[in-house]
Amino acid sequence: MLDENLEKVKLADRKRQEIARRIKARLERQRRQELERIRMMNAFAIVSSLAMMTVIDFLLAYWGGDWLDAYFQTSDHFWRKILLGLAGLTFALGVFKLIYLTKPMEEEQEEQKEEQSAMPSDNKSENEDKISNRNETLTK
């Protein structure tokens with residue numbers, strides 16, 4: 001009779017663990033999907049803002065250089081060339097900054113994945129220890 005109850009408890013515990021594992025996997029999948037969607041929206045926002053800044057920079061450089069050439073009465077589009085060069089430099093620095101800032105984010109994500117892959121095995125051994133402790137107390 002005691003063995004039958006013990007087997008029922010073990011079976012119920014296994015079922016509970018399986019249900020918990022499925023729920024955890026579903027939540028993890030949903031979290032990954034949400035993070036991916038956030039990452040995509042973040043990338044879209046960064047790229048679109050960089051494109052808008054580039055267009056505005058080049059237009060302001062062109063018209064501002066034109067205005068400065070007329071104001072200082074310089075020839076051969078002197079100020080326009082200088083300002084367009086500065087706009088090109090700011091574009092290059094913006095792209096460099098975009099690349100430089102996304103690398104640490106990717107490295108952090110890889111570290112998190114490594115930590116998460118190590119965690120389930122630790123949890124599994126803890127759960128097995130708890131089950132064996134419960135079984136020992138039930139048999140006593």
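Coordinate-derived values only; no laboratory data. Because the structure is a prediction, the values reported are computed rather than measured.
Quick notes on this structure:
- Table column - 3J(HN,Hα) (Hz), the range 35-47, Karplus curve with 6.51, -1.76, 1.60, x for Gly and Pro: 5, 5, 5, 5, 4, 5, 5, 5, 5, 4, 5, 5, 5
- Segment residue 2-residue 58, extension gain: residue separation times 0.36 nm, minus the distance between their alpha carbons: 11.9 nm
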